Every structure is written in structure tokens, then in C-alpha cells.
Amino acid sequence: MTGPISEEDRERTMGRLKVGSVLLVGVSSGLITSQGDASLRVVVAAVVAGLALGVVLVRYLFPSFEGLSPASDRDYRR
């Protein structure tokens, strides 16, 4: 039988999800730009802009870890 997920595991998983989301947006913007025969400077600028946009999106989509964590067992039983 499994027990509840620890706070440490929740934080680690949420951190990985956030980093993965930022990288996905940044790398995909660079790949899309490189398909248009852009210069290396433009592709790098697109990746940097995509990473910045990814950070903004993650901050908007995942505002805080505390807001996403479930209530305590006591709150569930009320």
C-alpha cells in the first residue's frame, strides 16, 4: 500500500514540470525560427525570447505551490 506523497516529492515534481515547460517553449521557438532559414543570431534571439515567454507562462499557469497543494486530512473530513 502506498502512503501520501511527501511535500518534498511534490516540490521536486512541480519544479521539474516548470523547468520542462520553460524549456519546451524556448526550444520550440528556436526550432520554428530555424525552419525559416534565419541566421544564427535570429535563432538565438528567438530561443532567448521563447525562454522569457516560457517563464512568464509558467508564472501565470503555476502561481504558487502552496495554492496547488491539497488541504490537510482534517480539512477533508469536515
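The values are calculated or read from the model by the stated rules, or taken from the named source; none is laboratory data. As the structure is a prediction and not an experimental result, all values here were calculated from the model. Cβ coordinates were reconstructed from backbone atoms using ideal geometry, including for glycine residues, and neighbour counts include every protein chain displayed.
Looking across region 1-32, just one residue is of a type in the set (Ser, Thr, Tyr), surrounded by 12 or more Cβ atoms within 10 Å (Cβ to Cβ) and without any contact (Cβ under 8 Å) to a residue 24 or more places away in the chain, and that is Ser28.
The residues of region 33-62 that are buried (at least 17 other Cβ atoms within 10 Å of the Cβ) and of a type in the set (Gly, Ala, Ser), listed by number, are Ala46, Gly50, Gly54. In summary, helices (runs of 4 or more DSSP H) completely within region 3-78 and bearing 3 or more residues that are modelled with pLDDT of 90 or more and of a type in the set (S, T, N, Q) occur at 7-34.
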